[in-house]
Every structure is written in structure tokens, then in C-alpha cells.
1. In the list Cys183, Cys147, which residue meets the criterion of being touching a strand residue (DSSP E or B) at 6+ places or on another chain (Cβ under 7 Å) and in a loop (DSSP other than H, G, I, E, B)?
2. Testing Gln131 on (1) touching a residue at least 12 places away in the same chain (Cβ under 8 Å); (2) farther than 27 Å from Asp75 by Cα, one condition comes back false. Which one is that?
3. From the residues in the range 186-213 that are in contact with a Ser or Thr (Cβ under 6 Å, 6 or more places away or on another chain) and assigned to a loop (DSSP other than H, G, I, E, B), which one is modelled with the highest pLDDT?
4. Of the residues Gly121, Gly110, Gly115, which is at pLDDT 90 or above, under 27 Å from Asn216 (Cα atoms), assigned to a loop (DSSP other than H, G, I, E, B) and small (Gly, Ala, Ser)?
5. Within the range 198-234, restricting attention to residues that are under 26 Å from Ala167 (Cβ atoms) and over 24 Å from the mean Cα position of the chain (by Cα), which residue is surrounded by the fewest Cβ atoms within 10 Å (Cβ to Cβ)?
6. When the residues of the range 99-128 are filtered to those that are surrounded by fewer than 18 Cβ atoms within 10 Å (Cβ to Cβ), farther than 24 Å from Gly76 by Cα and in contact (Cβ under 8 Å) with a residue 60 or more places away in the chain, which remaining residue is farthest from the chain's Cα centre (by Cα)?
7. Could you tell me which numbered condition Ile171 fails, if it satisfies all but one of (1) among the β-branched types (Val, Ile, Thr); (2) assigned to a loop (DSSP other than H, G, I, E, B); (3) at pLDDT 90 or above?
8. Ile176 versus (1) of a type outside the set (D, E, K, R); (2) part of a strand (DSSP E or B); (3) surrounded by 15 or more Cβ atoms within 10 Å (Cβ to Cβ): which is the lone unmet condition?
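The values are calculated or read from the model by the stated rules, or taken from the named source; none is laboratory data. Worth saying up front: this structure is predicted, and the values here are computed from it rather than measured. Cβ coordinates were reconstructed from backbone atoms using ideal geometry, including for glycine residues, and neighbour counts include every protein chain displayed.
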Amino acid sequence: MNDHQAGFTLIELMISLVLGLIVSAAVIQVYLINVKTSSIQASGSELQDASVFGLQQLEKSIRLANLGNPTTAIDGTTPNGGIVLTGLNLGIPVLPTPYPNTGYLTRRAGDSGVGANGWSGISNTNTNSDQLTIQYTNITGAPMIDCEGAVAAVNDIVVERYFVRQATGDISTGAIKDLALACDAGRVNKTGGIATFTPSSDSKNFGQAGQEFIVNVDQFKVLLGAQYTTGANAGQTIYLPSSAYSAIMTGKPAITSVKIGLIVHGSTPIIGSAEQSEFALLGQLPANNKLKTDSSSKKKVRSTYETTTLLRNARVVNINTSL
């Protein structure tokens, strides 16, 4: 008797296996694409919520600079000047004792004057971050809220500084750290024409570690817009870092605007995507803002933001007329 048994041949099994692998690979590829798309969307949403809205609030705060100051042409010596470059802007004379905490003033990468709660230049790129310090007087006739959420009474002189520091609770040990743009707000009191600050025991004291303003910040850069009013360069506006502006000894132009730039990232790691490592910011070449090398750094969506804000009561208008 011949028993006939039906079944799969070896070739049929191999073909089935190959087809199964092809289908599985296609399904896995679709899954990875969906996961990547979802993570990019989540990170982009976080980037928008934490950074774009925070940037709008930052612009709103900077627009208060120079409020209440009748002087239109401000520089590093202008009392109550909207951009605080020296102690003279705060009302502290050079003699007998100059302002000691220069780490709390507008600073740029490479400047000296680092304090305990002051600007340190920390960033996640190969270039130090900057610090912006502004000043304004509440002449609105009603209480205001400073960048730390404290009430500024009518006629209060408010000083605020924006700088990058390590985020609260961050325990990163690698080169890439969790950083945040912080704001430290205080009050300037005038006694006999000499400026003093709210006592350190008060939450409105100037010189504390500040409150986190924008999270996930990798870099913060500041340029001062200065406009010449006389001479061959009359009407020309140039953008300079604070130290370069302070180095101008003769024919110093008036500060009329502030240009700021940030590199920020989302919190959600991106699967299957190469991390961008170089960023152009405020005219700097990408290599000047290259992310620090850190093998433990997770891949994140990063973006740059730039904005220019005109200062209150510091606009200089040049009018040319012809008959």
C-alpha cells in the first residue's frame, strides 16, 4: 500500500519565511515611523509651549525697559537707564565705592564678574551664554507684576536680569545639562541720591538665584542696538555685544534696542533621528554655537529664536529735509 501524505516542501517553507519577514519588516518600519512622528510632534509641542510662549513673555518684559526714564539717549552712565551696564545706571557713583556685583549686570561671554547667584556663562554649546539686565520705573499709576511674580508698587524702581543657570533639581553629570533661562527681579531704593537694594531677607531682593522663566534653554545671546545721532555715521544702527559697546570711548551711540537669541529644545527624545549639533544665532557662524560632546545626551528637537525689541523712550529719529 502506498500512503500519500500532503505537506509543505522545504522550498515552500523558505518562501513563506521570506514573505513573513518582508511583511514583518514593513510593519516594524511603519511602527517606527509612527513612533518617530509622534515623538517629534510631542517634542515640538513642548518646544512651543515652553519656549515660544515664554519668549513672548520675555519680549513683553524687555519692552518695559527704560519705562519712566525721561532721558532718550541712554548708555552705560545714564541714571535709571533701561539697559544696566554699570553701577552708574543704578545710581551708584564710581566714588567712593563702585558697584561691586558686576556679575549681576548686562554681561557677555568672556566678561568677568561672576557672583554666587550671578551670571556664570553656562550653556550647552561651546560658547558661554550672556546676561541681560534691564531697569524700569512703575509710572503706570497701578501696581505691576515683575518677572518673578512679585508686586511692583507705583513708583517702584524695578531691576530685572535674565541669565541661564542649571535647572532646579537637575542632577546631570555629563557636559549637556538641564538649563533654564532664569529671571531675578529686585527693587532699587534711592536714599540721598544713592541707590540701595531691598534687604536680602526680602523675596524682592536683587541678586538671588531667580525664578525659572523659560525651560530647556541651551544658549542665550544678547546684542545691543545702538544708533549714531551725529557725525558721518548719523542714522546708522549697529548691533554689538555689551563689552564691545562699553569699549567705545568717544562718540558713543545711544542704545535704542535689544536683540536676543535663544537655542531651546523639547523634552521628548526623538527615536531614529540624527541630532542637530550646530546652530547659527544672531549672525554667529554655526560652529560658534556647537553643542558640547556628550554621549549621554538624548536626541532632542532643537530650534533657535531671535527677536529685536525697541526700548521705550529711547528711539532716536533723524530727519533730513531738503528745500
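1. Cys147
2. Single failed check for Gln131: (2).
3. Asn205
4. On the way: Gly110 fails: at pLDDT 90 or above; Gly115 fails: at pLDDT 90 or above.
Unique residue meeting the criteria: Gly121.
5. Looking at residues that are under 26 Å from Ala167 (Cβ atoms) and over 24 Å from the mean Cα position of the chain (by Cα), I get Ser201.
6. Asn126
7. Only one criterion is unmet by Ile171, namely (3).
8. Result: Ile176 passes all but (2).
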